[in-house]
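The values are calculated or read from the model by the stated rules, or taken from the named source; none is laboratory data. The shown structure was predicted, so the numbers you read here are calculated from the model rather than taken from an experiment. Here the Cβ positions follow ideal geometry from the backbone for every residue, glycine too, while neighbour counts run over all protein chains shown.
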Amino acid sequence: MKTTISVIKADVGSIAGHGLAHPALLKKCEEILGKAKEEELLIDYYVTNCGDDTELIMTHTQGEENEEIHEMAWTAFTEATAVAKELKLYGAGQDLLSDTFSGNIKGMGPGCAEMEFKERPSDPVVVFCCDKTEPGAFNLPLFKMFADPFTTAGLVIDPSLHNGFEFEVFDVMEHKKVKLSCPDEMYDLLALLGTINRYVIKRIRRRDDNEIAAAISTERLNLMAGSYVGKDDPVAIVRAQSGFPAAGEVVEPFAFPHLVGGWMRGSHNGPLMPVGQKNAYPVRFDGPPRVMALGFQIADGKLVGPADMFDDPAFDRSRAQASEIADYMRRHGPFEPHRLPADEMEYTTLPGVMEKLGNRFEDIE
Ligand code: 13P
Ligand code: 13P
Ligand code: MG
Ligand code: MG
Ligand code: MG
């Protein structure tokens with residue numbers, strides 16, 4: 001039997017402003033997923049939120065991109081949206097770009113990371129959930145996790161990882177993908193991954209046997225909708241131990257709060273702060289961006305856990321450093337590189353300003 005993990009997420013409303021998904025939304029989703037479990041469509045589920053994003057973590061045996069699973073998640077989000085509208089929550093139904101379900105939740109607004117595998121005797125899995133950032137935020141930590149020997153000692157000292165991993169990278173602008181292997185093609189890979197708004201890691205596999213190691217949601221809402229509808233706050237699923245990085249190697253890259261896009265109005269760079277669930281609530285200037293890590297053991301499809309992995313005092317200094325970087329970045333106000341470059345901003349007054357100033361622009365002698 002193979003187990004599928006599907007993590008499907010959407011922002012369907014929050015308090016106050018883009019802060020925190022209301023508990024009534026999680027409850028509504030739990031109701032729908034609970035029914036699906038009773039009907040044996042799901043084996044297990046865990047509903048949570050990172051900031052204003054509601055995440056459905058689900059296990060089943062239906063494989064990836066299964067219509068029934070996707071439709072059930074869509075129903076959960078549309079019913080939660082109805083609750084959000086009643087409560088006049090902020091951004092009710094924000095990430096749902098369509099009125100009706102059409103076979104696959106991809107391209108409809110919600111983010112989706114899925115993987116199918118045969119369970120090992122013990123199968124630790126870490127689910128990462130972010131708010132106020134974009135899928136490319138995972139490029140740097142995932143590269144470190146699966147390709148940097150100074151992060152993952154196992155790449156050097158564990159024979160089961162020593163041959164490295166293959167990265168599947170999406171070009172989200174051109175809708176193309178490419179596979180690159182590490183360590184051999186590391187420099188080519190990094191040449192792409194540094195452009196975080198365009199090239200994003202979709203999947204990582206172990207080279208020895210092509211076994212799935214990681215899956216990431218790569219939906220870019222703003223590209224799909226064609227206008228500002230919030231950032232595409234991503235999720236990722238990563239397998240750990242026995243042939244994969246150890247759980248501690250999986251979380252280690254997040255000790256460095258690197259700069260990512262998506263803070264305030266989806267238009268600012270800020271540090272990605274690793275937080276426990278209770279602090280997955282971005283407030284200051286709607287941020288700074290957050291990431292949380294939920295650790296599970298998968299047992300015959302059951303989700304045993306979660307362990308709240310960033311709720312660890314060893315990450316306190318990373319959080320303090322993120323706050324310091326937040327101060328530094330904030331002092332730039334509306335200037336780059338705090339504010340994103342014009343073509344990456346989620347909304348802008350520039351066309352209007354240019355129109356107004358139109359005939360006041362003169363040629364430079
Ligand atoms: P154990 O000795 O507990 O199996 O841990 C091994 C390991 O991977 C630690 O990082
Ligand atoms: P979300 O993408 O989390 O809804 O944030 C939007 C925003 O503009 C926050 O300032
Ligand atoms: Mg929102
Ligand atoms: Mg969000
Ligand atoms: Mg969003």
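Anything in segment 252-278 that is away from ligand 4 (no atom under 15 Å from the Cβ) and either touching a Cys at 6+ places or on another chain (Cβ under 8 Å) or closer than 17 Å to Gln321 by Cα (or both)? List them, or say none.
Glu252, Pro253, Phe254, Ala255, Phe256, Pro257, His258, Leu259, Asn269, Pro271, Pro274, Gly276, listed by residue number.
Quick check on segment 105-147: of everything there that is within 22 Å of Leu192 (Cα to Cα), surrounded by fewer than 24 Cβ atoms within 10 Å (Cβ to Cβ) and of a type in the set (A, V, I, L, M, F, W, C), which residue is farthest from ligand 5 (Cβ to nearest atom)?
Among residues in segment 105-147 that are within 22 Å of Leu192 (Cα to Cα), surrounded by fewer than 24 Cβ atoms within 10 Å (Cβ to Cβ) and of a type in the set (A, V, I, L, M, F, W, C), the one farthest from ligand 5 (Cβ to nearest atom) is Ala147.
Taking the residues in segment 50-77 that are of a type in the set (A, V, I, L, M, F, W, C) and in a helix (DSSP H, G or I) as candidates, determine which candidate is nearest to ligand 3 (Cβ to nearest atom).
Filtering first and then ranking leaves Phe77.
Does segment 87-109 include one or more residues that are away from ligand 3 (no atom under 16 Å from the Cβ) and at pLDDT 95 or above?
Checking segment 87-109: not a single residue is away from ligand 3 (no atom under 16 Å from the Cβ) and at pLDDT 95 or above.
Can you name every residue in segment 290-311 that is within 21 Å of the chain's Cα centre (by Cα) and either surrounded by fewer than 14 Cβ atoms within 10 Å (Cβ to Cβ) or of a type in the set (Gly, Ala, Ser) (or both)?
Result: Ala293, Gly295, Gly305, Ala307.
Restricting the search to segment 16-31, which residues are more than 13 Å from ligand 4 (Cβ to nearest atom) and either in a strand (DSSP E or B) or among the basic types (Lys, Arg) (or both)?
Lys27, Lys28
Say we look at segment 334-365 and pick out the residues that are exposed (fewer than 10 other Cβ atoms within 10 Å of the Cβ) and of a type in the set (Phe, Trp, Tyr); which of these is farthest from Asp233 (Cα to Cα)?
Out of the qualifying residues, it is Phe361.
If a residue must be part of a strand (DSSP E or B) and on the phi > 0 side of the Ramachandran plot, how many such residues does segment 256-286 contain?
1
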